[in-house]
Each structure stands twice: as structure tokens, then as C-alpha cells.
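The values are calculated or read from the model by the stated rules, or taken from the named source; none is laboratory data. The model shown is predicted, which means the values in this text are computed figures rather than measured ones. These accessible areas exclude ligands, DNA and RNA; they are computed on the full protein's heavy atoms, side chains included. Shrake-Rupley method; radii C 1.70, N 1.55, O 1.52, S 1.80 Å.
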Amino acid sequence: DNHEFWEVFDTCIKEVKNPERDAFILRILEDQSTEDVCHTMNISPNYLWVLLHRARLQLKVALEAKWTGKDAL
């Protein structure tokens, strides 16, 4: 079941728009510090927070649609 989830997650993360996807991957999946991500992406910490929030919302919709087969909206 865990393997199946990560396959669905991999599909869903590819649907997240950039730069949200890059911010999410660097900060959450690669566990880089906020400072490092901001430096790499040349953005402010506030904008990073916005990007992460948007990425989570996009992932939520995609995961709910693909995992449960239901439309999240």
C-alpha cells in the first residue's frame, strides 16, 4: 500500500506547477533549510511560504482525485 501511494504521489507531484513544485521538492522532500531554498531559488522566505502553500493545495487536489477517485472540489 505504501509503494502504491508513492507511485500516485510521484504522478501528482509532476502535475504541480513550477515554481511551486521546485520549492516543495527542495524544502519538503529534500529537507533543505528555508535559507538554502531561498538562496537557490533567489526568493524571499515569505514567497517560499506562499509557494509551499500553493504546492500543498495542488497536491491535495491531485492526490484526492487519483487516490480516492473523487474530485476534490
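At a 1.4 Å probe, what is the % contribution of carbon and sulfur to the accessible area of the chain? Don't skip to the answer; put the middle values down first.
Values: 2690 of 5160 Å².
Carbon-and-sulfur percentage of accessible area, whole number: 52.
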With every protein chain in place, the accessible area of CYS12 for a 1.4 Å probe, in Å² rounded to the nearest 10, comes to 0
Computed over the chain: longest principal axis from alpha-carbon atoms vs helix 45-63 long axis, angle to nearest 10 degrees, is 10
Karplus ³J(HN,Hα) for the range 37-44 (6.51 cos²θ - 1.76 cosθ + 1.60, θ = phi - 60°; Hz, whole; x = Gly/Pro) runs 5, 4, 5, 4, 8, 6, 9, 7
Computed from every Cα-Cα pair in the chain, P(r) in 10 Å bins starting at 0 and rounded to whole percents is 21, 47, 25, 7
Longest principal axis of the chain (C-alpha) makes with the long axis of helix 2-13 (C-alpha) an angle, in degrees to the nearest 10, of 60
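Could you state the accessible area per residue of the chain in Å², with a 1.4 Å probe and every protein chain left in place? Can you show the working numbers first?
Numbers: 5160 Å² over 73 residues.
With all protein chains present, the chain gives 71 Å² per residue.
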Cross-link reach from LYS66 to aspartates and glutamates, straight Cα distance under 17 Å and at least 8 residues apart if same chain, gives ASP1, GLU4, GLU7, ASP10, GLU15
